[in-house]
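Accompanying notes for the structure given below.
The values are calculated or read from the model by the stated rules, or taken from the named source; none is laboratory data. Small disclaimer: the values here were computed from a predicted structure and weren't measured. Here the Cβ positions follow ideal geometry from the backbone for every residue, glycine too, while neighbour counts run over all protein chains shown. The protein model used for the area step is the full one, side chains on, heavy atoms only, and it has no ligands, DNA or RNA in it. Shrake-Rupley method; radii C 1.70, N 1.55, O 1.52, S 1.80 Å.
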Amino acid sequence: LNHIPSVGSFGPLGSYWTAIKSLTNSPKIVQEGYNKYKAAAFKIPNLGHWVVVLNRDHVDDIIRASDKELSFHAAIDDYVRPVYTFGRQIIDDAYHYSIMKSQLTHNLSAVVPDVADEIVAALDETLDLTENEWKCVPVLKTVEKVVCRAGNRAFVGYPLCRDSDWIELNMQLTNAIIKEGFILSLFPKFMLPLAARFATKTTNRVKHGARHLSPIITERLKRMEEYGEKWNDKPDDFLQWCLDEGKETSADLLAARMLAINFAATHVSGFAFGNNHTTFAQTLYCLAANPQYIQPLREEVQTIVGKDGWTKEALAKLRKVESFLKEAQRFEGNASLGIKRRALKDITLSDGTFVPKGTYICVASHAIHHDPRIYEDPDTFDPYRYMKLQEKQGDSSRYQLVAVNPESLMFGIGKAVCPGRFFAAMMLKLMFAHIILSYDLKLGDISYSASLCIGPAIVANSSAKVMLRRRSDE
Ligand code: HEM
């Protein structure tokens, strides 16, 4: 990779030093390369290998490349080792991806009321507020639980989504998989089957999940046999869509699938350590730090939800809420380097940059989201930015929360673009709108930064707290 310029200290020791600095300072180092090399590719050292960092103008090359040229899965395989941490059948037949793209996305109207109900119950229980009481709340921890319960209402349905043991199993999943994946990454490929036996708890996890799912599956299969494809109170959840697919009926296989879905919903973005909950926690900090927006947002929610209720149609009309959420995602971000891919063949990008087989590439997404050539006054948090852009440019779809393009990379782009983003956006809007409507919030005595950097991942600051009080005039 000598033909690609690098950022950071020089020489073999220098590059190690830059890689170590990147553990806590990645956005600054990437920004340095972005400013220095403008539209050209540059490379930065990671512990163990180089990462070629691409720019906005290269994004079309990524979109055009086939999976056999630039692969998302090959890039994450190295540190998640999904064959061993989830099970081979999940990777060999990832039919749950098409369910995410079809049923989960197309059934949002049916899913919204249930997920809304779960958010209300989960917040009530987790916050446990008495009337007029201001409580200092650890945001990330609270949000993590609410997101897990709300997600599982759509994945496995009620009442399992409220089972504390199931929720705990799924909340611990991300850390467990990342830890196991890291240990496995230290072994050569031929030793993985043996190493996995000692380094992973995949079988235990699956058995644990299967104990919860087994009675539910038995009951549902009985109903399917009795009533065929449709019956009156047929569940509209991921588990049922998997059963309808008819590929797996064993509790073990379906438990492994449900764990993989839970992991995807909280991790997967390639680097980030959390998606829905970290995004939502960052949004709440942004709101607490900018309390002047609470009232106008509340008025919007009151007017629209007051008239239409918690429906998909009402959520689509919450333009201030949507703009706020997207701006919080842009401003805070989930990774200094997004769109992680590995070249499975030699390729030449449209500007002539040669990327040899085996190279890891990424896009400088945080720098792109803060580029003054793309966003006016990019270092200012402007919650109505996307709403104003929509009005100015008359293009409603380009600035939606779920929209992806080379200037809006929060959900990735191209072949691996997040298939759960419509569901994620729905959950984010529901949670945000419900909190605005039902709670007062403010920063505690200390103001925290909303995010922390762990390598290229930008995550919600786990020690940050906000003050919450239940509103009496809901
Ligand atoms: C705010 C929440 C979320 C964010 C910010 C997010 C972001 C991302 C990003 C950045 C990627 C990588 C895309 C790329 O590199 O091009 C991704 C992939 C993925 N996401 Fe999400 N995601 C979120 C929620 C969800 C949810 C709720 C689900 C499931 C219901 C989900 C399922 C997936 C899956 C399965 C992939 C892998 C796609 C593939 O392998 O082709 N995500 N997500």
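For (1) at pLDDT 95 or above; (2) within 16 Å of ALA424 (Cα to Cα); (3) surrounded by fewer than 22 Cβ atoms within 10 Å (Cβ to Cβ), each residue gets a yes or a no:
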position: GLU300; (1), (2), (3): yes, no, yes
position: PHE324; (1), (2), (3): yes, yes, no
position: SER336; (1), (2), (3): no, no, no
position: LYS357; (1), (2), (3): yes, no, yes
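Checking SER365 against (1) within 16 Å of the ligand (Cβ to nearest atom); (2) in contact with a helix residue (DSSP H, G or I) (Cβ under 7 Å, 6 or more places away or on another chain); (3) among the hydroxyl-bearing types (Ser, Thr, Tyr), only one condition comes out false. Which one? Of the numbered conditions (1) within 16 Å of the ligand (Cβ to nearest atom); (2) in contact with a helix residue (DSSP H, G or I) (Cβ under 7 Å, 6 or more places away or on another chain); (3) among the hydroxyl-bearing types (Ser, Thr, Tyr), the odd one out for SER365 is (2). When restricted to residues that are open to solvent by less than 90 Å² (accessible area, probe 1.4 Å) and assigned to a loop (DSSP other than H, G, I, E, B), the range 189-205 contains 1.
Of everything in the range 59-75 that is more than 9 Å from the ligand (Cβ to nearest atom) and part of a helix (DSSP H, G or I), the residue that is nearest to GLY181 (Cα to Cα) is ALA74.
Within the range 369-384, being open to solvent by less than 20 Å² (accessible area, probe 1.4 Å) and either in contact with a Ser or Thr (Cβ under 9 Å, 6 or more places away or on another chain) or of a type in the set (Ser, Thr, Tyr) (or both) holds for HIS369, TYR375, PRO383. The residue of the range 286-298 that is farthest from the ligand (Cβ to nearest atom), among those that are touching a strand residue (DSSP E or B) at 6+ places or on another chain (Cβ under 7 Å) and either open to solvent by 10 Å² or more (accessible area, probe 1.4 Å) or over 21 Å from ALA450 (Cα atoms) (or both), is PRO291. Screening ASP67 on (1) under 16 Å from LYS415 (Cβ atoms); (2) within 19 Å of the chain's Cα centre (by Cα) shows it passes everything except condition (2). Of everything in the range 128-180 that is farther than 24 Å from ASN461 by Cβ and in contact with a Ser or Thr (Cβ under 9 Å, 6 or more places away or on another chain), the residue that is least open to solvent (accessible area, probe 1.4 Å) is GLU180. If I ask for residues that are touching a residue at least 60 places away in the same chain (Cβ under 8 Å), out of contact with any strand residue (DSSP E or B) (no Cβ under 6 Å at 6 or more places or on another chain) and among the charged types (D, E, K, R), which ones from the range 412-451 would you list? LYS415, LYS429, listed by residue number.
Among the residues of the range 399-418, the ones that are basic (Lys, Arg) and either modelled with pLDDT of 95 or more or closer than 18 Å to LYS317 by Cβ (or both) come to 0 in all.
Look at the range 68-86: where a residue is over 17 Å from ASN204 (Cα atoms) and open to solvent by 20 Å² or more (accessible area, probe 1.4 Å) and a partner is in a helix (DSSP H, G or I) and near the ligand (Cβ under 10 Å from one of its atoms), sitting 6+ places away or on another chain with Cβ atoms under 6 Å, you get PHE72/ALA416. Scan the range 411-441 for residues that are away from the ligand (no atom under 15 Å from the Cβ), outside any helix (DSSP H, G or I) and out of contact with any helix residue (DSSP H, G or I) (no Cβ under 6 Å at 6 or more places or on another chain) and the total you get is 2. Going residue by residue through the range 131-154, is there one that turns out to be modelled with pLDDT of 95 or more and not in a helix (DSSP H, G or I)? Taking every residue of the range 131-154 in turn, none turns out to be modelled with pLDDT of 95 or more and not in a helix (DSSP H, G or I). Restricting attention to the range 76-130, the residues being outside any helix (DSSP H, G or I), within 15 Å of THR311 (Cα to Cα) and within 12 Å of the ligand (Cβ to nearest atom) number 0.
Restricting attention to the range 400-410, the residues being more than 6 Å from the ligand (Cβ to nearest atom) and either touching a strand residue (DSSP E or B) at 6+ places or on another chain (Cβ under 7 Å) or open to solvent by less than 30 Å² (accessible area, probe 1.4 Å) (or both) number 7. Looking across the range 311-341, the residues that are away from the ligand (no atom under 14 Å from the Cβ) and of a type in the set (S, T, N, Q) come down to THR311, SER323. Criterion applied to ASN25, ASN46, ASN55 was being modelled with pLDDT of 90 or more, at negative phi and not hydrophobic (A, V, I, L, M, F, W, C), and the one residue passing it is ASN55.
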